[in-house]
């Protein structure tokens, strides 16, 4: 198989939009867990110590937290359908991608210097919107409403074609020459009238 075919298959498995997670971020990952025939959501909050293959469909993050003095690390595939949501709660200043040195530290030495960021903008993930093709001719449409007591529908004219003198009030039903008795009701009646004539 060629590389382009493999890339197309991999891109089809990607989510439309994901959060831009970096090393040093404190994230809250919500994951679907299946128990029997039911699903439940489980959250895991910790520091991202590694980000792998960010542009690939196999993009992965390793999240670490310390619970009761025991370090726990979990690895998540970002594009997995079981990863429901990734939310960045804090962003820290780091100068490397792999923060494995945090495994040997505890207490104050394991803290990272936080930096300011727009939390709502970073966590607001929307799929990229494809812009519609440009329309070559666009006409402004003006809707003219008639008084409520008349039963005729509103008429519409374009600004470029109509002038105020040309805009007339719509015809009332009494002025229309055609009556319902003259129009054939069904296609069968129309063919009978055509044969009779």
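The values are calculated or read from the model by the stated rules, or taken from the named source; none is laboratory data. As the structure is a prediction and not an experimental result, all values here were calculated from the model. Cβ sites come from the backbone with ideal geometry, for glycine too, and all protein chains shown count toward neighbours.
Annotations for the structure displayed:
- Contacts under 7 angstrom Cβ, first residue in the range 3-29 being within 17 Å of residue 125 (Cα to Cα), partner in a helix (DSSP H, G or I), 6 or more apart: 19/122; 19/123; 20/122
- For the range 44-53, a residue qualifies if it is in a strand (DSSP E or B) and either under 30 Å from residue 7 (Cβ atoms) or under 23 Å from the mean Cα position of the chain (by Cα) (or both), and the qualifying residues are 48, 49, 50, 51, 52.
- Failed condition for residue 121, given (1) farther than 30 Å from residue 5 by Cβ; (2) in contact (Cβ under 8 Å) with a residue 12 or more places away in the chain; (3) outside any strand (DSSP E or B): (2)
- Condition met for residue 95 (loosely packed, with under 14 Cβ neighbours inside 10 Å, under 21 Å from residue 24 (Cα atoms) and modelled with pLDDT of 85 or more): yes
- Per-region count, the range 54-109, residues free of Cβ contacts under 8 Å to residues at least 60 places away in the same chain, farther than 24 Å from residue 42 by Cα and assigned to a loop (DSSP other than H, G, I, E, B): 5
- Any hit, the range 37-44, residues being surrounded by 14 or more Cβ atoms within 10 Å (Cβ to Cβ) and in the same structural domain as residue 115 (by TED's automatic domain parsing): yes
- Subset of the range 54-76 that is modelled with pLDDT of 90 or more and under 30 Å from residue 6 (Cβ atoms) - its residue that is surrounded by the fewest Cβ atoms within 10 Å (Cβ to Cβ): 75
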